[in-house]
Amino acid sequence: MLIGEFADRSGTSARMLRYYEQQGLVRARRSANGYRVYDEGELPIVHKIRSMQELGFELDELSPFVTCMRAGNPSGDECPESMDTLRRRLTEVNDAIDELLAIRELLHRQLATAESKGYQ
């Protein structure tokens, strides 16, 4: 399918598809007249890219998932490199949560101290 139809079906823009292709994540063939032609099999890959971006992943982190899907794994999460990437991101999220919880505790203490001194 041509880039316009593929963009509509994948829920992204033609510009983003060209960028994904430039980053080596999505593949397109060229027709005789030079138009990009996408295979149906690229749709799940684009959906995976978009869903991973929604989880905070950067494009340069997604090649293990794309490689895993191209190897025949439906979700792209099953391969060792993908799992390592997921674990690394989970650690980053847990660290961010811990940091925010510590900040929240400090703010509670500051507010409690101010309130105990009669400040409104």
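List of remarks:
- Rounded to the nearest whole Hz, the Karplus-based 3J(HN,Hα) values (6.51 cos²θ - 1.76 cosθ + 1.60, θ = phi - 60°) of segment 60-71 follow the sequence 5, 9, 8, 4, x, 6, 5, 4, 5, 5, 5, 7, with x at glycine and proline.
- Kirkwood analysis of the Cα pair distances in segment 3-116 returns a hydrodynamic radius of 16.5 Å.
- Helical content of the chain, expressed as a calculated mean residue ellipticity at 222 nm, amounts to -20500 deg cm²/dmol (DSSP H runs of 4 or more residues, -39,500 (n - 2.57) each, divided by residue number, nearest 500).
- Computed from Cα positions, the angle between helix 42-54 and the longest principal axis of the chain comes to roughly 10 degrees.
- When peptides 61-67, 25-31 are ranked by their average number of other Cβ atoms within 10 Å per residue, the highest-first order is 61-67, 25-31.
- Residue separation of E21 and N94 scaled by 0.36 nm, minus their Cα-Cα distance, works out to 23.1 nm of gained length.
- Mean Cβ count within 10 Å, highest first, over the residues of peptides 48-56, 97-105: 48-56, 97-105
Only the coordinates and a few stated rules stand behind these numbers; no lab work does. Computed from a prediction, not measured in an experiment: that's the story for all the values here. Note that each Cβ is placed from the backbone with ideal geometry, even for glycine, and that neighbours are counted across all protein chains shown.
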